[in-house]
Amino acid sequence: MKFIKITTITFAAATSLLLISCGEKKAPVDSANTEQADVTPYPLDICVVSGEKLGSMGEPHVFVHNGQQIKQCCDSCEPKFKKNPEKYLKMIKEGKTGANKHMHKH
């Protein structure tokens, strides 16, 4: 009987640790879960890279960079953003955009 109680307690503890450790992993943040307290919402209605209106090319491409939610007109703008994120983060903070510096052909 003592063996069964110890096994049950050990199993319960192991299950709890597994659930806790899984909860610590941060999943990629998408538009559905960017309402977290540690994520600053994207303040613009246009893509900071291209200057295109968000939604003009379908659903905006959304990701989080260093706690700042980023919304872009399409996923092809993300590599350009990631080449110089400080530039674009400054532009977001100042309310500026890329003002159609590169046009998309979809």
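Every number here is computed from the coordinates shown, using simple stated rules; none is lab data. Worth saying up front: this structure is predicted, and the values here are computed from it rather than measured. Positions of Cβ are generated from backbone atoms using ideal geometry, with glycine treated the same way; all protein chains shown enter the neighbour counts.
Fully extending the segment from residue 93 to residue 75, taken as 0.36 nm per residue of separation minus the present Cα-Cα distance, adds 4.4 nm.
Test of understanding: what is the full-extension gain from residue 65 to residue 86, defined as 0.36 nm times their sequence separation minus their Cα-Cα distance? Write out the running numbers ahead of the final one.
On the way: separation 21, 0.36 × 21 = 7.56 nm, distance 1.02 nm.
Between residue 65 and residue 86, full extension yields 6.5 nm more.
Among 70, 46, a tally of other beta-carbon atoms within 10 Å of each Cβ gives an order, fewest to most, of 46, 70.
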